[in-house]
1. What order do you get for Val60, Val126 when you list them from fewest to most C-beta neighbours inside 10 Å?
2. Label point 7 Å out from Glu228 along Cα-to-Cβ: which residues of region 259-283 have amide N under 18 Å?
3. Put +1 on the Cβ of each Lys and Arg and -1 on the Cβ of each Asp and Glu in region 301-360; which of Pro351, Thr318, Tyr335 then has its Cα farthest toward the positive end of the dipole?
4. Assigning unit charges at the beta carbon (Lys, Arg +1; Asp, Glu -1) and nothing else, what dipole magnitude in debye, to the nearest 20, does the chain show about its Cα centre?
5. By average Cβ neighbour count within 10 Å, what is the ranking of 130-137, 315-322, 116-123 from highest down?
6. Under 21 Å Cα-Cα from Lys339, which lysines qualify once same-chain neighbours fewer than 8 residues away are excluded?
7. Using alpha-carbon pairs under 8 Å, 6+ residues apart, how would you state the relative contact order of the chain in percent?
8. Once the cut-off is 29 Å, how many percent of the Cα-Cα pairs in the chain end up in the long-distance tail?
Amino acid sequence: MTNKYKIPETHPEFRLNKHHFTNTELRQVAYSFIKEGEPYEEKIGSFLLDWLKPSAYLEVQTSGSTGRPKKIKLKKQHMINSAIATSKFFDLPAGTTALLCLPAEYIGGKMMLVRAMYLGWQLDTVLPSSNPLDQVFKVYDFSAMTPFQLDNSIARLHLLRKLIIGGGAVSPRLRKMLVDVDTKLFETYGMTETCSHIAAKRLNPRKKKKKSPRPFKLLPNVSISQDERGCLIIKAPNILDEEIFTNDVVEIVTYKKFHWKGRYDNVINSGGIKLYPEEIERKLNKELDHRFFVTSMPDDSLGEKLVLFVEDDFSEETLENLEKTIRQMKSLSKYEKPKKIYLVEKFEETPNGKIHRENTVRSKVS
C-alpha cells in the first residue's frame, strides 16, 4: 500500500482567525506561525505543515496520562472521518464558529484544526492556558477543553454554546457547579488512537429525572464489546484499521451506550479485595475540595495498600481534618478508606496539564 495521499482542499467556508486559506496559502501561514508566532502558534504551524505533506499518515504524540508518552501513526482520512462524525453527533455544520484553546501538539488540538478545515468552520485560536476564556469577548458555537480549563472558565461559559470536555474525568464537585449553566456541556470518551472521542454524554441535561450516572453514547459508525476482563473493545472501521482492546473497565448498557468504571491497570488488590481507584475517587470528590488521587503502595501484610495524595500545603491540622472526614464517610467501605494520606504542595503534571500520578508518588515517597 502506497503512503502517498492527496490532501483534500480546505472547505470553502473554512476560516482561520477570520481568513480563508487554500492548502497552498495554509502552507505559507504555517511557515509564518513557525517563524514569527507565539510558541503555541509554532505548534499549530508545525501541525499544518505535517498535515499538508503528501503522506497518508500523521505521526501523533500520546499524552502520557495512562502510560508512557509514545508516537503513533494515524491515517489522515481517519481523522477527517472522525471530524465528520463529530459534526453529525453534535450538529455542527459548515459555518460553525469555534475556538481552539487546546495545544496543537496533542490530538484534541489537532482535531479542532481538522474539523475546521474540512467541515468549513470559522476557527479562532487563543493561548491554551488554564483560563482560556479570559481574553475572549465574543460568543462561539463550539469549543473543546480539559476538565482543568473548564474548572477555571465557569464564570465565562456564556461565551460558548456547546463545549466538549476531554483528557480526564469530570469530578462530581465540578458537575454540581455546571447544573444550571446554559452552555450544552458534554464529557467525551476517546484516545489518541481513535482520533479523539468515540462517545460522549451530556453533563448538564435539562431533564434531571434520575440521580444515576448517564452513560456514554457512541458516535456514528462505532460499535463496542468487552473482553474477558470486562474491558472495552472498540470497532470503528471509519477511524480504525483494527479493533482496539482497551484497559477501560466498562458496563455495557445497550449496543450504543456504556458506563466507564475505571482503568483495569489501576485496579488495586489489597488483601485479596479488588479496589477501583476511579470509583473511590468519585466518592471522595463529594467531600474533598483540592485536587487529589488514590493509588497503591507495597505493603507487607496486604500486598498493596490504598493511599491518598492531596494537593495542599502540609499542616497537622489539615491532615487530621482529612482523616476525620474520610473516617466519617459512609459511602466508602472499610476497604476503600485510604491507609495513609500524603499532602503534596504541587502535583507533577504531564505536558498538557494532567496529573502525572507516577512522578508525583515518586517525588514524594523517594
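1. Lowest to highest Cβ neighbour count: Val126, Val60.
2. Of the residues in region 259-283, 264-265 have backbone N under 18 Å from the label point off Glu228.
3. It is Tyr335.
4. With only Lys, Arg, Asp and Glu charged at Cβ, the dipole is about 1480 debye.
5. Highest to lowest by the protection proxy: 116-123, 130-137, 315-322.
6. Hits, sequence-local ones excluded: Lys274, Lys283, Lys286, Lys305, Lys324, Lys330, Lys364.
7. Taking the mean separation of contacting Cα pairs over the length of the chain, I get 10 percent.
8. It works out to 44 percent of all Cα pairs.
The numbers here are math on the coordinates, done by the rules we state, and not lab data. Computed from a predicted structure; not experimentally measured. In this analysis, Cβ positions are derived from the backbone assuming ideal geometry, glycine residues included, and neighbour counts consider all displayed protein chains.
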